[in-house]
Every structure is written in C-alpha cells, then in structure tokens.
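Engineer: First the structure, then my questions, so here it is.
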Amino acid sequence: MLRGAALLALLLALAPVLPVCAATEVQRIELPAGELSLVGHWSPSPQPGRRAAVLLLHGCGGPYDAKGGLSARMREYGALLNQQGYHALVLDSLTPRGETELCTQRIGTRRITQQERRYDTLAALRWLAGREDVDAQRLVLLGWSHGGSAVLASTNLRHPEVRDASPRPRAAIAFYPGCSEEARRGYRPAAPLLLLLGAADDWTPAAPCQALAQEAEEPKPIWHSYAGAYHGFDSKAPVKLRRDVPNGVNPGAGVHVGGQAQAREHSRQALLDFLEQTLRAQR
C-alpha cells in the first residue's frame, strides 16, 4: 500500500503547518480509577481553548527509558501531537501494579492483561473528558504493540464495558498491535480505527490485523502494511533480534525489533492525516 518516496514528499508538502511552539512541560499526575491510582504524564496543548486530546498507550516495555524518564517514543509523539494543537496524555499501566515490563513474560503468565489495559483506558478517557481544557467529543486512542492491542480491546463494542462506556473515543490508532484475540471475538468498532503494520513483523504479525479489518463491522478499519518493516518500525533504532522475548510467530526463536525510515515517515503522516480527517467535523 506504500507508493514510494514521491507520494511521501507530496503528503509532507501538503500537510498543514502550524506555528512551532515552545516545548510543553510534561506534568506527572495521578488518575483515580477505583481502588487503583494510575500514573499519567500530561502534555497540554500550547494553544488556547478546548482542544482534542490523545491518550498514548505504551507497549509491553512500559512508557519509560532506562533512566526512568519517558521513552523517546512517548516524548517524540507527545511533542508531535502538541505541535498539531492536541493535548497528549501518556498512561502508565505497569508501575501502579508493581511491574516494569511484560515483554519477557509468556502471555499466559502475565498478571496484566488486556482486561486491565481496557479498565485503565476507559478510566483515563473519563479523566480527560472531565477537564475544562479538553473537548470531550474529540478524544483519541493511540497505542503501540501491547498498547495497540489495548486500543482494540478498548474500542470493541462486543465488550459490555466498552458498549456502556461514556465517553467514547472519536478515533483510534494502533501501531503493530496483536490482533488475534479481538479478531477471534469479532470486532465491532466504537470509533474509526487506523492500523499501522509491519509486513515482516514476527512478533505481532500483520495477517490477523488485516483479517480483523476485513471482517469487522462498520466503520471498517483502515490499514497500512509496510514491506520489509519489523516490529517497532517507527523508531530510529537499528533492527535487532531479541532472544529474550518468548512470544511471537516462532516461540523461543526471538523476535526482530527496529526502525525503518520510510515506514516511520509514512506512518507518522498517515497518523496526522487520519486525525485531521476524523476530527475535522468538530475541530
């Protein structure tokens, strides 16, 4: 589905350009969620008025880097979203539950499942909707890997808590999610969904996500698959084999993770275009 560098250059040239604002200070906050207090990192839009807000859902490695600060991915996307006029909230689902990562844990042994991620996501959406500076009609979910699966689990109306939830997101984006669980359940979207997939991904393969999109109810999810791209294609890190990951297409053989420049640039533009299209009616 990728048409090459010429199309990318055209998209970038036509993309809306907003004034560059000073970096927004990231604020650590606590979000009440029943008996659990969740941790969030809030980057408000530098532009005035009630703005759309994007909830960022981390992957199995959590939202932090080796030094304990927000990871490069979370910082970069938060800054990108702020520059476009959106609020950004990074949600931490691991440390409030005593975990730092899930990647090296076999799926069947994990204490934090998509049920917990869905619970957290819906609580964070309620928190966002209660803010005076947030337009509750323009909330967005954005997740990567395990967080991308959380996007699916939090927007599938076949889950009673999603069906009964208020507010609901207006749009959802998932980078290289695991789609098998929601595909088996049958996906009934609560909002328009964009799937950004690596065709060579041997951790969370693209095929189940493509099947989910094809078999889903309306509105049908949109997907882009990037040839030769592995898991984590939107990073700048070189591709490496992670032998410490027990899950994936070939359990026990490890998985490949790393960036691909063309997929990184195209996927970011696809994300911005999707936000513009889905939020335009109420912008």
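The values are calculated or read from the model by the stated rules, or taken from the named source; none is laboratory data. Given the structure is predicted, the values throughout are model-derived calculations rather than measurements. No Cβ is skipped: glycine too gets one built from the backbone with ideal geometry, and neighbour counts run over all protein chains shown. Just so you know, the surface numbers come from the protein's heavy atoms only, side chains and all, with ligands and any DNA or RNA stripped out. Shrake-Rupley method; radii C 1.70, N 1.55, O 1.52, S 1.80 Å.
Engineer: In the range 188-221, what count of residues is obtained for those that are basic (Lys, Arg) and in contact with a helix residue (DSSP H, G or I) (Cβ under 7 Å, 6 or more places away or on another chain)?
Structural biologist: Here is the first cut: in the range 188-221, the ones basic (Lys, Arg) are 188, 220.
Going one step further and asking which of them are in contact with a helix residue (DSSP H, G or I) (Cβ under 7 Å, 6 or more places away or on another chain), we end up with 220.
Total meeting the criteria: 1.
Engineer: Can you pull out every residue in the range 223-260 that is farther than 17 Å from LEU197 by Cα and touching a helix residue (DSSP H, G or I) at 6+ places or on another chain (Cβ under 6 Å)?
Structural biologist: Within the range 223-260, ASN247 is the sole residue that qualifies.
Residues checked against (1) touching a strand residue (DSSP E or B) at 6+ places or on another chain (Cβ under 7 Å); (2) more than 26 Å from TYR86 (Cα to Cα):
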position: VAL162; (1), (2): yes, no
position: ALA174; (1), (2): yes, no
position: ARG184; (1), (2): no, yes
position: ARG188; (1), (2): yes, yes
position: PRO192; (1), (2): yes, no
position: LEU195; (1), (2): yes, no
position: ALA200; (1), (2): no, yes
position: ALA207; (1), (2): no, yes
position: GLU218; (1), (2): no, yes
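Engineer: List the helices (runs of 4 or more DSSP H) that sit entirely inside the range 141-201 and contain at least 3 residues that are in contact (Cβ under 8 Å) with a residue 40 or more places away in the chain and buried (at least 20 other Cβ atoms within 10 Å of the Cβ). Break it down stepwise before answering.
Structural biologist: Working: elements: 146-153, 160-163, 180-185.
By residue number, 146-153.
Engineer: Would you confirm, using the coordinates I've provided, whether ILE107 is open to solvent by 50 Å² or more (accessible area, probe 1.4 Å), over 15 Å from the mean Cα position of the chain (by Cα) and touching a residue at least 12 places away in the same chain (Cβ under 8 Å)? Lay out the reasoning, then the answer.
Structural biologist: Numbers: open to solvent by 50 Å² or more (accessible area, probe 1.4 Å): yes; over 15 Å from the mean Cα position of the chain (by Cα): yes; touching a residue at least 12 places away in the same chain (Cβ under 8 Å): yes.
Judged against the criteria, ILE107 is a match.
Engineer: Also, I was wondering about something else. Please state which one of GLU116, GLU132 is farther than 23 Å from ARG243 by Cα, open to solvent by 30 Å² or more (accessible area, probe 1.4 Å) and assigned to a helix (DSSP H, G or I).
Structural biologist: Values: GLU132 fails: assigned to a helix (DSSP H, G or I).
From the options GLU116, GLU132, the qualifying one is GLU116.
Engineer: Going by what's in this entry, would GLN269 be described as free of Cβ contacts under 8 Å to residues at least 12 places away in the same chain and within 29 Å of PRO192 (Cβ to Cβ)?
Structural biologist: On the way: free of Cβ contacts under 8 Å to residues at least 12 places away in the same chain: no; within 29 Å of PRO192 (Cβ to Cβ): yes.
It is false that GLN269 is free of Cβ contacts under 8 Å to residues at least 12 places away in the same chain and within 29 Å of PRO192 (Cβ to Cβ).
Engineer: Out of the residues in the range 241-266 that are closer than 26 Å to THR104 by Cβ and part of a helix (DSSP H, G or I), state the one that is most open to solvent (accessible area, probe 1.4 Å).
Structural biologist: Kept after step one, since they are closer than 26 Å to THR104 by Cβ, are these residues of the range 241-266: 241-260, 263-264.
Subset that is part of a helix (DSSP H, G or I): 263-264.
Values: ALA263: 0, ARG264: 22 Å².
Looking at the filtered set, the residue picked out is ARG264.
Engineer: Among the residues of the range 60-104, which ones are over 25 Å from VAL134 (Cα atoms) and either crowded, with 20+ Cβ neighbours inside 10 Å or in contact with a helix residue (DSSP H, G or I) (Cβ under 6 Å, 6 or more places away or on another chain) (or both)?
Structural biologist: Hits for the range 60-104 are CYS60, GLY61, GLY62, LEU94, LEU102.
Engineer: Related question: Is one or more of the residues making up the range 119-134 in contact with a Phe, Trp or Tyr (Cβ under 7 Å, 6 or more places away or on another chain) and either under 29 Å from ALA263 (Cβ atoms) or in contact (Cβ under 8 Å) with a residue 24 or more places away in the chain (or both)? Write out each step before concluding.
Structural biologist: So in the range 119-134, the residues in contact with a Phe, Trp or Tyr (Cβ under 7 Å, 6 or more places away or on another chain) come out as none.
No, the range 119-134 contains no residue that is in contact with a Phe, Trp or Tyr (Cβ under 7 Å, 6 or more places away or on another chain) and either under 29 Å from ALA263 (Cβ atoms) or in contact (Cβ under 8 Å) with a residue 24 or more places away in the chain (or both).
Engineer: Just checking, how many residues over the range 96-113 are under 20 Å from ILE29 (Cβ atoms) and in a helix (DSSP H, G or I)?
Structural biologist: Residues in the range 96-113 being under 20 Å from ILE29 (Cβ atoms) and in a helix (DSSP H, G or I): 2 in total.
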